[in-house]
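Beneath this line is the structure, given in structure tokens, with notes to follow.
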Amino acid sequence: MTDACIRAVVESIHSSPTQAVLYLSGGASLQALGLLMSVPGASNTVLEAVVPYSRMSMIQLLAKIPAKYCSQQTADEMALLAYNRALKLSSPGSPVLGVGFTGSLATTRPKQGDHRFHLSTRTSDRHWASTVTLSKGLRSRDQEEKVSSYFLLKAIANACKVSSTFDSELTESDVVADECERFFDEDKELEQLINGQICFKVYPFSSDKSNGDRKIILPGSFNPLHDGHLKLLEAATSICGDGYPCFELSAINADKPPLSIPQIKERVMQFEKIGKMIIISNQPYFYKKAELFPGSAFVIGADTAVRLINPKYYDGSYDRMIETLSGCKRTGCTFIVAGRKVDGTFKVLEDFDVPEVLKDMFVPIPAERFRMDISSTEIRRSCGL
């Protein structure tokens, strides 16, 4: 009966829209993954699973030496890293889940410390954590792994908003302690983004169907959003052929203070009204955007393109410019370039001397496919803003 119940729960997890990254160290790692991966549909749920089993592997994952390798704090940090990783790997607009687990269970030799595990899950609006101390000497290693994997699976189901009716097989002598649950509203999530805790937030207002995993991204300040933005993204999407069109606003500016939360929400409302997807990030530079959205096509104007290939913006170093943009190229990113007025004259990509090594990552939008001499700055100026 238990096996049938577990299979039914896993099937429900795989039928949910949630996509997950799991960072699991010790304890339930293999059994929990086995339960998830053995049921058809796992690719709908599991984006990536990493088992940082050695100390050096954990240090590499956390980018630091943890105070304790098996602790609630480490599990929480793993879950947040997994959540950010899931954001990058997930289909546009899908709900994502980050899972962190670290355990110290029975081994071939007697242990002085407790047999315990720490678990943490993170979604866009919720963080849940729990520490479980198992009754020492009650179970074999296999039995402890079974209990911890069941508990982990129930936590994943809960994060996916799936009911789990099977028993995790904990007893009264086991201690479930330090269980906590925190919810985040939109303001808190945006605060975390500005502070760098999360890498971006997606507002999936669009009902458009994706033609692939590739994102076609039009970055901008959208102050205000105007018809030129919409038509430019349409033209770029028709040239790319496949992918998911979306807009991107960085809350962090290169040479200005960060946007306030009310400012972000006000600009987001523009996209909600017209049913278009907007991503809020915290990366103002394209080489960082490329790391955040690998494989994407960035839609830019000729005025931006000419700055991208100008060594002036790389401390006057041509070599640094080549190195930086080559890094973008290695992520699989391209730039779709529309004509734009530069110093009062309409320019297209062909008017600029793009270095030979970078030419294949710049794709022109012919002027006959798109030309709108309008800007947010001009709109604000005409409105006296």
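For the reader, a short list of remarks on this structure follows.
- Matching residues in the stretch 60-79 - criterion: being assigned to a helix (DSSP H, G or I) and either open to solvent by less than 40 Å² (accessible area, probe 1.4 Å) or in contact with a helix residue (DSSP H, G or I) (Cβ under 8 Å, 6 or more places away or on another chain) (or both): Leu61, Leu62, Gln72, Thr74, Ala75, Glu77, Met78, Ala79
- Residue in the stretch 243-253 that is in a loop (DSSP other than H, G, I, E, B), over 24 Å from Arg371 (Cβ atoms), open to solvent by less than 60 Å² (accessible area, probe 1.4 Å) and modelled with pLDDT of 95 or more present: yes
- The condition of being in a loop (DSSP other than H, G, I, E, B) and either hydrophobic (A, V, I, L, M, F, W, C) or open to solvent by 20 Å² or more (accessible area, probe 1.4 Å) (or both) holds for only one of Gln197, Gln143, that being Gln197.
- Every residue from the stretch 25-56 that is open to solvent by 40 Å² or more (accessible area, probe 1.4 Å) and part of a helix (DSSP H, G or I): Leu30, Gln31, Leu35, Met37, Ser43, Asn44, Arg55, Met56
- Among the residues of the stretch 306-326, at least one is within 22 Å of Lys231 (Cα to Cα) and of a type outside the set (Asp, Glu).
- Counting only strands (runs of 3 or more DSSP E) that sit completely within the stretch 258-374, those holding 2 or more residues that are in contact with a helix residue (DSSP H, G or I) (Cβ under 7 Å, 6 or more places away or on another chain) and in the same structural domain as Thr237 (by the TED database) correspond to 278-281, 297-301, 334-338, 340-342, 362-365.
- Complete set of residues in the stretch 314-345 that are at pLDDT 95 or above, over 16 Å from Ala297 (Cα atoms) and either open to solvent by 20 Å² or more (accessible area, probe 1.4 Å) or not aliphatic (A, V, I, L, M) (or both): Tyr314, Asp315, Gly316, Ser317, Tyr318, Asp319, Arg320, Ile322, Glu323, Thr324, Gly339
- Conditions (1) assigned by the TED database to the domain that holds Ala297; (2) surrounded by fewer than 21 Cβ atoms within 10 Å (Cβ to Cβ); (3) modelled with pLDDT of 95 or more; (4) assigned to a loop (DSSP other than H, G, I, E, B): number failed by Glu191: (4)
- Single match in Asp315, Asp227 (criterion: over 14 Å from Ile336 (Cβ atoms) and touching a residue at least 40 places away in the same chain (Cβ under 8 Å)): Asp227
- Checked against (1) free of Cβ contacts under 8 Å to residues at least 40 places away in the same chain; (2) charged (D, E, K, R); (3) closer than 30 Å to Tyr23 by Cβ, Glu172 passes all but condition (3).
The values are calculated or read from the model by the stated rules, or taken from the named source; none is laboratory data. Here the structure is a predicted model, which means the values were calculated and not measured. With ideal geometry, Cβ positions are generated from the backbone for all residues, glycine too; neighbour counts draw on all protein chains shown. In case anyone asks, the SASA skips ligands and DNA or RNA and just uses the protein heavy atoms, side chains included. Shrake-Rupley method; radii C 1.70, N 1.55, O 1.52, S 1.80 Å.
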